[in-house]
Amino acid sequence: MKNTNTSAEETRILEALEEMKAKVGEDFSLASVNLAELERRTGVSRSKLRRLKRNGFKFLPHASKGKKPGHTVLTGYSGMLDNMLSDGLSNSSVCYDRLLEAGYRGGLTAVKVYISQHKHLLPAKRHLSLRQGNRGRRYTTPPGEAFQMDWGFVKVQDHVGNVFTAACFAMICHHCGERYVEFFPNAKQENLFIGIIHAFQHMGIPSHILTDNMKSVVVRRDMAGKPVWQKDYEIFMRNLDFATKLCKPRHPFTKGKVERLVRFVKENFLVGRVFWNVTDLNRQALEWCNRQNGIFHRAIGGVPHEMHTRLCAERARTLEDNGMVREYLCPMRRISFDGFVNYEGRRFGVPYSYTGNVARVMRQDGTLYIYSEDLLQMLTTHEVTWSRHDSFCEDQYAVPDQPEEHPSVPVEARIRMIQPPTPVDSFEKFNFDKGVNWDE
């Protein structure tokens, strides 16, 4: 009667039967067990004991054991989960958030169980080299003293199948981990300036920025090893009153937070992401940043946004909105001979009435604004898209006045216009019923 795979209830029944057998002696029989006494000893219901007695007190498995329900809380969402796993997204929290947006009403545990059972859908991991171990100490700074910035790149496929590269600007507070992410069609220096200004408007201006050896930041190093700044970037630092510190290449202890942020954006935010245009993508990125900034982070022992507001923002300076900042946000573009300015790889029309050779362009939300060179006059606006087709404005081309003759004497000649004739069908001659009255 012993069974190695018994539950606590089965163990009590078996022990009670052994005690009753030891008390009764050789006359003990399972067929004549007193169920009332056995119920008193075990606390198991009489009906269940009666069923066990019919089976000779053999504990058989449940008839439904091993069967899977045909309908679960994940039914209808398994295809969406399979697509995310095929894209390499195995973070259960991220998958759970995506399912909630699609109308999922279940819990996180069901998602975790499904992912653990379908890990074969994940793409094969690359071969990693052996770890070399920790050989240094991470670089730390006081609140509001330093931010880290870097670029990341992602492939974008449009609705017709064309693939191009977009740039992701990332900045993070070195002390609390407050983050800011913005996407651009390319990583040119003017987009770097725009990303830095937007991040400063969102997080404040620190004492210095940590970055690597970008071409738009540093040109080279002199004989003493000091950096030779790129001319425009040096002016930009002086105008906004902050310093820049360059980090050693391939040394994550100094600039590892922003490198980890770029990797986190690629593995968490970008996987399976769809969007309409760059404005929609940046709106989703800002919502994602606000959501991540409001989550408790165990590494810092707090919520990044709360820590940044309480500690870092008090020491960081506020960026003033003045003419100098607006000039960086509205870079200059030369107007072509056919009345277009080129911005972010696309051409936008300028009104013919503007006589200047240079205009300033700014993209904000879903609209692209074109201003005069002195920023005193807004010339026109365009809708922002990823399309490579030229965008025309209403008064882009002037229609010249052509000479027209008018009658010098009263007009007396008159003609009449009638409806055009009905075309004759070539098979009409075979219509023998035409002209015949069958009622006669």
Inverse of mean 1/r across different Cα pairs in the chain, Kirkwood, Å: 29.9 Å
Could you pull out every residue, at least 5 positions away or on a different chain, whose amide H is within less than 5 Å of the one on H174? Hs are placed 1.01 Å off N in the peptide plane, and Pro or chain starts have none. A146, F147, Q148
Can you pull the one-decimal nm distance between simple spin-label points at T309 and R260, each 7 Å off the Cα toward Cβ? 2.4 nm
CD proxy at 222 nm, helix term only [per DSSP H run n ≥ 4: -39500 (n - 2.57); per residue of the chain; nearest 500]: -8500 deg cm²/dmol
Kyte-Doolittle mean at least -1.0 and Cα axial length at least 15 Å: DSSP H helices in the chain: 8-24, 189-203, 252-264
Under 27 Å from the Cα of K257, which lysines turn up, not counting those fewer than eight places away in the same chain? K125, K155, K188, K215, K226, K245, K248, K266
Which of L240, L368, L17 moves most in a GNM of the chain, Cα contacts under 10 Å? L17
With no solvent and one point on each alpha carbon, what is the Debye value of log10 I(q)/I(0) for region 265-344 at q = 0.10, 0.21 Å⁻¹? -0.48, -1.08
Taking a point 7 angstrom from the Cα of N162 along the C-beta vector, which residues in region 381-422 have backbone N less than 12 Å away? 386-390
Taking 30 Å as R0, compute the FRET efficiency from the Cβ-Cβ separation of E26 and H62 and round it to 0.05. 0.30
What is the order of Y343, Y369, fewest Cβ neighbours within 10 Å to most? Y369, Y343
Under 5 Å between amide hydrogens, which residues at least 5 positions from W229 or on another chain qualify, with H placed 1.01 Å from N in the peptide plane? V219
Highest GNM mean-square fluctuation among V73, V358, V24, for the chain with Cα springs under 10 Å, belongs to V24
Roughly how far apart, in whole Å, are the Cα centres of region 73-127 and region 342-409? 48 Å
Over the chain, what is the relative contact order in percent, taking alpha-carbon pairs closer than 8 angstrom and at least six residues apart? 11 percent
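All of the numbers you see were taken from the coordinates with simple rules; none came from a lab. The structure displayed is predicted, hence computed values, not measured ones. Here the Cβ is made from the backbone with ideal geometry for all residues, glycine too, and neighbour counts use every protein chain on show.
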